[in-house]
Every structure is written in structure tokens, then in C-alpha cells.
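The values are calculated or read from the model by the stated rules, or taken from the named source; none is laboratory data. Small disclaimer: the values here were computed from a predicted structure and weren't measured. Here the Cβ positions follow ideal geometry from the backbone for every residue, glycine too, while neighbour counts run over all protein chains shown. Just the protein is used for accessible areas: all its heavy atoms, side chains included, with ligands, DNA and RNA removed. Shrake-Rupley method; radii C 1.70, N 1.55, O 1.52, S 1.80 Å.
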Amino acid sequence: AAFEAISESESLFISRGDNSGTHNKELAIWDEAGISPEGSWYREAGQGMGAVITIANNELAYTLTDRGTYLAYRGEIDLGVVVEGDPLLFNPYAVIAVNPERHPETQIDLAQDLIDYLVSDQGQQIIGSYTVEGEPLFTPDAD
């Protein structure tokens with residue numbers, strides 16, 4: 001609904017435009033909304049998230065950002081969060097060991113040890129308790 005409102009009002013939106021994970025998530029949201037973002041209201045910066053947040057702040061524009069970068073810049077910008085918590089915005093991280101048959105130098109046992117630790121109760125607790133300014137950055141979801 002937020003992306004539809006931005007499009008309908010032609011409010012300025014700054015896109016990363018860099019084929020990053022965040023950019024691809026943004027494009028998926030536009031697609032889900034049935035919108036092909038184009039026109040003077042939609043600008044692709046072709047830069048990283050920090051630069052895009054700064055541009056959006058300076059231009060009083062909307063953007064899509066990850067929580068970590070937003071929290072890192074929050075004291076330097078006037079932008080606030082408009083939408084959060086919608087499952088469409090979820091951006092899961094995964095850990096996958098490379099195939100040792102394709103990369104024989106891989107230390108698969110150590111890779112598996114890391115994976116096992118990250119998905120363990122202790123690893124999930126550490127991930128869930130990681131905060132910036134008291135706000136959690138990640139929601140553990142190994143289950």
C-alpha cells in the first residue's frame with residue numbers, strides 16, 4: 001500500500017539502483033504492487049545504502065532501507081520509519097556451505113560447525129540479542 005501511495009502521488013523515491021539485495025527486494029515489492037516505477041519521481045542512485053539514505057534525507061524522499069543502516073544513520077538524518085513489520089519487507093539471511101566437490105579447498109567440516117552453531121539455540125539467542133541503540137537488528141528464524 002505504501003509503494004502504491006508513493007507511485008500514485010508521484011512522491012520522490014530514491015532507489016539504490018545497484019542490483020543489491022535491498023534493490024532486488026524493492027523491485028519485488030514494486031512488482032507485487034503491479035507498478036513499474038518510472039518517471040521523474042523515481043530516481044536510481046546507483047550507490048550504497050548509506051549514500052541513498054543521505055540523498056533521500058536531503059531530497060525529502062522515500063527509500064527502502066535495512067534496519068541496520070537506518071539505525072546507523074538515524075542520528076544524522078531527519079527521516080523516520082513509515083512502514084515496518086509487513087512480511088513483504090522481511091529480508092531473511094541464510095548460511096550455506098559451498099560444495100566441496102566444486103571447491104576442494106573448502107574446509108567443509110569447519111563450515112558445517114559454523115552452520116550448526118548459527119542455528120543452535122545459543123547462536124540464535126546471540127543473533128536475536130544483537131542491538132543498535134537498544135533495537136534488535138535481526139529476528140532469528142532457524143526454526
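Before moving on, here are some points about what is shown:
- At R0 = 35 Å, FRET efficiency that the Cβ-Cβ distance of Gln112 and Glu135 yields, to 0.05: 0.65
- Mean sequence separation of contacting Cα pairs (under 8 Å, at least six apart), scaled by the length of the chain, corresponds to a relative contact order of 19 percent.
- Between the helical axis of 108-119 and the longest alpha-carbon principal axis of the chain there is an angle of about 60 degrees.
- Label point at Glu44 placed 7 Å out along Cα→Cβ; residues across the range 1-29 whose backbone nitrogen lies under 17 Å: 13-29
- Once the Cα atoms are used to define both axes, helix 21-32 deviates from the longest principal axis of the chain by about 60 degrees.
- Each Lys and Arg Cβ is given +1 and each Asp and Glu Cβ -1; about its Cα centre, the chain then shows a dipole of about 300 debye.
- Extending 7 Å from the Cα toward the beta-carbon at both Glu59 and Ala2 defines two label points whose distance is 1.8 nm.
- Unit Cα scatterers, Debye sum, the chain: log10 I(q)/I(0) for q = 0.19, 0.20 Å⁻¹: -1.14, -1.20
- Between amide H atoms placed 1.01 Å from N, distances below 5 Å from Gly46 occur with Gly17, Asp18, all of them 5 or more places distant or on a separate chain.
- Per residue accessible area of the chain, 1.4 Å probe, in Å²: 66
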